[in-house]
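Asker: Just passing along the structure, written as structure tokens.
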Amino acid sequence: MVGTSETPGTPGTAAAAGSAVGSAAAAGETAVRRSRVVEGLRGYGLIVGMWIRATMAYRTSFFLMLVGNATISGLDFVGIFIMFRHVDALGGFSLPEIALLYGTSTVSLGLADLLLGNTDRIGARVRDGSLDTMLVRPVPVLAQVAADRFALRRLGRIVQGLAVTGWAVAAVDVDWTAGRVLLLPVAMVAGAAIFAAVMVAGAAFQFVAGDAAEVQNSFTYGGNTMLQYPPTIFTRELVRGVTFVIPLAFVNWVPVLHVLGRPEPLGLPGWAAYASPLVACVVLVPASLAWRAGIRSYRSTGS
């Protein structure tokens with residue numbers, strides 16, 4: 001009988017060889033990407049460590065700035081507390097319920113601000129040409145931008161948010177099942193990732209618009225202020241926008257409403273309360289692509 005194996009030079013052999021080369025190329029590209037991620041995280045850690053050592057060289061100053069940061073951040077909740085001295089409910093929500101919204105949103109923004117808060121300075125770096133020095137270093141630019149001037153004092157916002165969240169958890173009338181208990185920390189971490197995606201996308205926008213830090217801050221700090229209040233006090237169009245266009249609602253509105261047993265104003269299915277991590281992954285993809293496009297379009301200042 002005649003064998004069915006291919007001889008060298010036949011179309012079947014060529015196709016198999018091409019497939020093998022393609023697979024090897026894909027595997028090599030994946031390895032390179034993983035290496036870049038590891039390299040970026042390592043570089044980020046080294047830069048952050050440097051700034052932390054510099055900060056802790058003046059411990060008293062750091063402590064005072066930490067307390068000051070927590071105090072300034074807490075003034076927002078003081079305003080809410082004073083408002084409830086004159087009203088019993090806001091949009092149908094009690095003070096502990098709004099405190100839970102406030103605390104979870106504050107922690108999420110605080111985490112994102114601690115890790116990526118300096119991305120809003122990218123416009124100034126583009127304008128003065130200091131971004132050029134980052135392009136020639138063997139560390140991804142985003143890691144350098146995010147870690148530069150790392151401000152450990154921003155922990156104050158996180159601590160203050162956790163304190164309000166803890167008080168709210170103890171004060172709200174909720175049947176704390178295991179699912180609800182686990183949902184809160186997962187939602188806060190996923191919310192931080194959503195805020196981080198908005199920060200990266202805003203930084204990418206500054207390659208086109210120049211120093212547009214305030215535009216970025218309007219979606220991060222402005223969005224955080226909005227999320228501290230119940231969605232029932234906002235127009236339905238605004239709620240749709242922050243749910244389906246820029247999904248800030250998944251930072252805390254959607255999961256916290258589920259924890260409180262409150263109906264979701266847009267009638268989302270019950271599983272949406274657990275979708276914050278998925279939403280975070282989805283929004284991080286276009287944000288990273290926008291950042292890459294911004295870096296590739298950068299042409300230096302010419303100085």
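The values are calculated or read from the model by the stated rules, or taken from the named source; none is laboratory data. Nothing here was measured: the structure is a model prediction, and the numbers come from that model. Every residue, glycine among them, receives a Cβ derived from its backbone with ideal geometry; neighbour counts consider all protein chains shown.
Yes or no, residue by residue, for (1) within 22 Å of Asp173 (Cβ to Cβ); (2) within 16 Å of the chain's Cα centre (by Cα):
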position	(1), (2)
Ala57	no, no
Phe62	no, no
Met65	no, no
Gly68	no, no
Ile82	no, no
Ala99	yes, no
Leu111	no, yes
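Asker: To continue, here is another question. Among the residues of region 131-146, which ones are farther than 17 Å from Arg296 by Cβ and part of a loop (DSSP other than H, G, I, E, B)?
Answerer: Result: Arg137, Pro138, Val139.
Yes or no, residue by residue, for (1) within 25 Å of Arg296 (Cα to Cα); (2) surrounded by 15 or more Cβ atoms within 10 Å (Cβ to Cβ); (3) at pLDDT below 90; (4) in contact with a His (Cβ under 6 Å, 6 or more places away or on another chain):
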{"residue": "Leu183", "(1), (2), (3), (4)": "no, yes, no, no"}
{"residue": "Ala190", "(1), (2), (3), (4)": "no, yes, no, no"}
{"residue": "Ala213", "(1), (2), (3), (4)": "yes, yes, yes, no"}
{"residue": "Arg240", "(1), (2), (3), (4)": "no, no, no, no"}
{"residue": "Val245", "(1), (2), (3), (4)": "no, no, no, no"}
{"residue": "Val251", "(1), (2), (3), (4)": "no, yes, no, no"}
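Asker: What is the one condition in (1) buried (at least 20 other Cβ atoms within 10 Å of the Cβ); (2) closer than 21 Å to Ile233 by Cα; (3) modelled with pLDDT under 95 that Gly294 does not satisfy?
Answerer: (2)
Asker: Now for a separate question. Please work out which one of (1) at pLDDT 95 or above; (2) under 29 Å from Ile72 (Cβ atoms); (3) of a type outside the set (Asp, Glu) is the condition Asn224 fails and give its number.
Answerer: The failed condition is (1).
Asker: Ser218 versus (1) surrounded by fewer than 18 Cβ atoms within 10 Å (Cβ to Cβ); (2) in contact (Cβ under 8 Å) with a residue 12 or more places away in the chain; (3) out of contact with any Leu (no Cβ under 7 Å at 6 or more places or on another chain): which is the lone unmet condition?
Answerer: Looking at each condition in turn, Ser218 falls short on (2).
Asker: Which one of Ala273, Ala249 is free of Cβ contacts under 8 Å to residues at least 60 places away in the same chain and within 16 Å of Leu100 (Cβ to Cβ)?
Answerer: Ala249
Asker: Restricting attention to region 30-63, which residues are modelled with pLDDT of 90 or more and among the hydrophobic types (A, V, I, L, M, F, W, C)?
Answerer: Residues satisfying the conditions are Leu46, Ile47, Val48, Met50, Trp51, Ile52, Ala54, Met56, Ala57, Phe62, Phe63.
Asker: Please work out if Arg149 is outside any helix (DSSP H, G or I) and over 20 Å from the mean Cα position of the chain (by Cα).
Answerer: Here the answer is no, as Arg149 does not meet what is asked.
Asker: With the condition kept exactly as written, say whether any residue in region 216-224 is closer than 26 Å to Ala168 by Cβ and in contact with a Ser or Thr (Cβ under 9 Å, 6 or more places away or on another chain).
Answerer: Yes: one or more hits.
Asker: Can you list the helices (runs of 4 or more DSSP H) lying wholly within region 54-128 that have 2 or more residues being loosely packed, with under 12 Cβ neighbours inside 10 Å?
Answerer: Once the helices (runs of 4 or more DSSP H) in region 54-128 are filtered for at least 2 residues that are loosely packed, with under 12 Cβ neighbours inside 10 Å, what remains is 59-83.
Asker: Taking the conditions exactly as written (touching a residue at least 40 places away in the same chain (Cβ under 8 Å) and either outside any helix (DSSP H, G or I) or exposed (fewer than 13 other Cβ atoms within 10 Å of the Cβ) (or both)), does Ser300 satisfy them or not?
Answerer: Against the criterion (touching a residue at least 40 places away in the same chain (Cβ under 8 Å) and either outside any helix (DSSP H, G or I) or exposed (fewer than 13 other Cβ atoms within 10 Å of the Cβ) (or both)), Ser300 qualifies.
Asker: Could you tell me which residue of region 152-181 is surrounded by the most Cβ atoms within 10 Å (Cβ to Cβ), considering only residues that are aliphatic (A, V, I, L, M) and under 18 Å from the mean Cα position of the chain (by Cα)?
Answerer: Among those that are aliphatic (A, V, I, L, M) and under 18 Å from the mean Cα position of the chain (by Cα), it is Ile158.
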